[in-house]
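Note sheet for the following structure.
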Amino acid sequence: MSRIACHYCGLPVNVARAQPGREYFCCPGCAIASRVPMDENGRFPANPTLLAALAAGFVFFNQLLFWLLATLLTKEGNLPMSGRFETASLALGAAVWTALVVAQWRLGARRWTDAVVAALTAASLSLGLAARSPACAAAACAALVAWSARGFLRKKTP
């Protein structure tokens, strides 16, 4: 096991077999952040990785919005419409979770900690789907989003 510096933030990464020329990252957030270039003025030019991250954020926002609408409609007594928004929130939660896990896998986030976080959030999402609890599904997605985005909080090393 050798220690290599993360290509984005410089933190150490344990690698079983280092391949020359390959970029290694300490977390999915660093892998995503490295694929979103920033110019000298701090602006992000549009690229597929940035668009995919923004789309996932938009769908996650709508998941939370539908959960809120379902809660408000339940309090008003409009249960049929509330059930529709609840179902939409759960479906969007499953879509966000799937998109994040697939993106992490494709970006090379295949460490055991990534697998543990994916498994724990999958269990929480499954519990939310089984119990028809948008809150549980939103918590699972929020945890996975936070895990996936933590590389954006670190500064790039030269």
Please list, in order along segment 136-142, the HN-Hα scalar couplings obtained from phi with the Karplus expression 6.51 cos²θ - 1.76 cosθ + 1.60 (θ = phi - 60°), rounded to whole Hz, x for Gly and Pro. 5, 5, 5, 5, 5, 5, 5
The farthest towards the positive end of the charge dipole of segment 3-153, of the residues Gln104, Ser82, Trp67, given +1 on Cβ of Lys and Arg and -1 on Cβ of Asp and Glu, is Gln104
Picking from Cys141, Leu92, Thr121, whose Cα lies most toward the positive end of the charge dipole for segment 3-153 (charges on Cβ: Lys, Arg +1; Asp, Glu -1)? Thr121
Karplus-derived 3J(HN,Hα), 6.51/-1.76/1.60, for each residue of segment 12-24, Hz, glycine and proline x: x, 10, 7, 10, 5, 10, 6, 9, x, x, 8, 8, 10
Quick one: 3J(HN,Hα) in Hz for segment 52-65, Karplus 6.51/-1.76/1.60 with θ = phi - 60°, rounded, Gly and Pro as x. 5, 5, 5, 5, 5, x, 5, 5, 5, 4, 5, 4, 5, 5
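If the only charges are +1 at each Lys and Arg Cβ and -1 at each Asp and Glu Cβ, what is the size of the charge dipole of the chain around the Cα centre, to the nearest 20 debye? Don't jump to the answer; show the numbers that get you there.
Values: 15 positive and 6 negative charges, 98 e Å.
Taking the Cα centre of the chain as origin, the dipole is about 480 debye.
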How would Leu129, Leu100 line up from fewest to most surrounding beta-carbon atoms within 10 angstrom? Leu129, Leu100
Pick from Arg35, Arg17, Arg84: which residue has the top mean-square fluctuation in a GNM of the chain where Cα pairs under 10 Å get a spring? Arg17
Amide H neighbours of Ala5 under 5 Å, counting only residues 5+ apart in sequence or on other chains, H built in-plane at 1.01 Å? Val13
Need the C-alpha centroid separation for segment 114-147 versus segment 1-47, integer Å. 26
Tell me the label-point distance for the pair Leu120, Met81, using the 7 Å Cα-to-Cβ offset, in nm and rounded to one decimal. 3.9
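Once you have the Cα-Cα distance between Arg106 and Phe58, take 0.36 nm times their residue separation minus that, and quote the gain in nm to one decimal.
Details: separation 48, 0.36 × 48 = 17.28 nm, distance 2.05 nm.
Contour length minus Cα-Cα distance gives 15.2 nm.
Read-outs: derived from the displayed coordinates by stated rules, not from any lab. It should be emphasised that the depicted structure is a prediction, and the values quoted were computed from it without experimental measurement. Note that each Cβ is placed from the backbone with ideal geometry, even for glycine, and that neighbours are counted across all protein chains shown.
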